[in-house]
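For reference, the structure discussed in these notes is given below.
The values are calculated or read from the model by the stated rules, or taken from the named source; none is laboratory data. Keep in mind that this is a model prediction, so the values were computed, not measured. Because the Cβ atoms are built from the backbone with ideal geometry, glycine has one as well, and the counts that use them run over all protein chains shown. Just the protein is used for accessible areas: all its heavy atoms, side chains included, with ligands, DNA and RNA removed. Shrake-Rupley method; radii C 1.70, N 1.55, O 1.52, S 1.80 Å.
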Amino acid sequence: MRRRGWLLWGMLFWLMASIWPITADVVYADRKEGAITSVSEEKIAGWATAPGVGDGKGNSIDFFKIRIQLKGQSGTAVSYRTEAVEVQPDRNGEKKYTFSLDMRGKWPSAPGATAAYEIVVDAYRVLGNGQEEVYFSFPETPYEYTRQTEASTAKLDFSLSFSQPEYAKPPDGDAQGRLDVTLIPQGVVPAPVRPPIDVVFVMDVSGSMTMMKLQSAKSALQAAVNDFKANYHPNDRFALIPFSDDVRATSVVPFGSKSNVVSQLDAILDAGNRLTANGGTNYSAALSLARSYFTDPTRKKYIIFLTDGMPTVLDTTDSITYREVKPD
C-alpha cells in the first residue's frame, strides 16, 4: 500500500512538471555575432557581440574595419576603421559593442546615376603581444546598399553665326567675313565632398606674448576661422585651447560646444579675442589636452599652434613634425 502511495506521488509530480513552465537562464559560452543596422548617405551603423560577461573578462572587440566595394567589382574595395563602443550587455555571457562610421565623402566613386555597394564589417581584437587580428566578420552575405551618385551634368554647347548674310568677293582677292562662335556652358559639376576633419587651435597667451604679438595671433585666428567658415564640412569639429602656466580652463572651447560648425567657430573667435597675456609657457598641458580630443581614428587631425617661441615647460618623448609660419 505504501509503495502504491509513492507511485501515485511520483506520477503526480511528473504530471505537474510536464504542465508547469520551467525557465532557466541560457549562457552563450562562445557566441560571436554582429549586424549592420542602418546605412545611409551619411552613416553606417551596427553592433557586434563577443564572449565575456561584460566585466572586463573574456574576449573583447577593440575596433572595427568596414569594407565597401562596388557590387560584383573586385578590386574596388575601400576600408575604414572605426571605434568599438562597449555598451550594456543585453544578454547573459557576452559583451556588446556598437559602431558608427561617418560616410560623407567616403563612398567609392561609380559611373551612372546610381551605384550598388556590398558592405562587410571586420571585428578586430588586439592580442597580448600587440598584434591586431580579425576576430570575426559579418554579415555572412554582404549587406547591399544602393545610393544616388553625384554624377556631373556639365556639358558645353556652342552656336555659330555669321557677321553678315552675304559676302562679295573682290576681283583681286578673297571675300572677308567673320564667323562668331558662342560657347554655352550647361549643367553643374557637384562640389567635391571631403571627409570631416578635427582641428584644435592651441593659443599661447603667456607673458612673452606682448600686445603686438597677441594681436597678431588673434588676427591669425580670425583669418583661419573665416577660411574654415567659407569651406566647412557640417561634421567638422573645432576647438580652442589657450594656455600659459597651464591651460586656461575657463576659456577653453571644446568640441561640440555649439550645435553647428559656424556657431562653434564664432564661439572660438569670441573666446580668443577676449584673451590677455601673462604667466609662463606650458606647452605640455595644452598639447596633452588637444591630443585627448582626437578620439576618431578615421579623421584627419590638425593642431594650429599660435605661439611666439620656446616653452618653459615641455615634457614629451614623441617627435613633433611642424611647419613654422612667420608674418612677412
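The rows are residues; the columns are (1) at pLDDT below 65; (2) over 30 Å from GLY105 (Cα atoms).
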{"position": "GLN176", "(1), (2)": "no, yes"}
{"position": "PRO185", "(1), (2)": "no, no"}
{"position": "VAL189", "(1), (2)": "yes, no"}
{"position": "VAL193", "(1), (2)": "yes, no"}
### Query
Where in segment 1-102 are the strands (runs of 3 or more DSSP E), entirely inside, with at least 2 residues that are among the hydrophobic types (A, V, I, L, M, F, W, C), within 17 Å of PRO139 (Cβ to Cβ) and modelled with pLDDT of 90 or more?
33-39, 43-51, 63-70, 94-102
### Query
Can ASP246 be described as over 16 Å from ILE197 (Cβ atoms), open to solvent by 40 Å² or more (accessible area, probe 1.4 Å) and among the charged types (D, E, K, R)?
yes
### Message
I'd like the full set of residues that are acidic (Asp, Glu), open to solvent by 20 Å² or more (accessible area, probe 1.4 Å) and within 19 Å of VAL126 (Cβ to Cβ), limited to segment 59-113.
### Response
ASP62, GLU83, GLU86
### Checking ASP172 against (1) at pLDDT 80 or above; (2) assigned to a loop (DSSP other than H, G, I, E, B); (3) surrounded by 12 or more Cβ atoms within 10 Å (Cβ to Cβ), the condition it does not meet
(3)
### Message
Looking at segment 251-302 only, could you name the residues that are more than 21 Å from GLU83 (Cβ to Cβ), touching a strand residue (DSSP E or B) at 6+ places or on another chain (Cβ under 7 Å) and either open to solvent by 60 Å² or more (accessible area, probe 1.4 Å) or acidic (Asp, Glu) (or both)?
### Response
none
#### Entry: Scan of segment 226-243 for residues that are touching a residue at least 12 places away in the same chain (Cβ under 8 Å) and open to solvent by 30 Å² or more (accessible area, probe 1.4 Å), ordered by number
PHE228, LYS229, TYR232, PRO234, ASN235, ARG237
### Message
Take the residues in segment 134-152 that are farther than 19 Å from ILE44 by Cα and exposed (fewer than 11 other Cβ atoms within 10 Å of the Cβ); name whichever of them is modelled with the highest pLDDT.
### Response
VAL134
### Residue list for segment 268-287, filter: within 13 Å of VAL200 (Cα to Cα) and either of a type in the set (A, V, I, L, M, F, W, C) or within 21 Å of the chain's Cα centre (by Cα) (or both)
ILE268, LEU269, ALA286, LEU287
### Task
Could you identify the single residue in SER292, SER284 that is outside any strand (DSSP E or B) and modelled with pLDDT under 90?
SER284
#### Entry: Among residues of segment 252-281, those that are in contact with an Asp or Glu (Cβ under 8 Å, 6 or more places away or on another chain) and part of a loop (DSSP other than H, G, I, E, B), counted
5
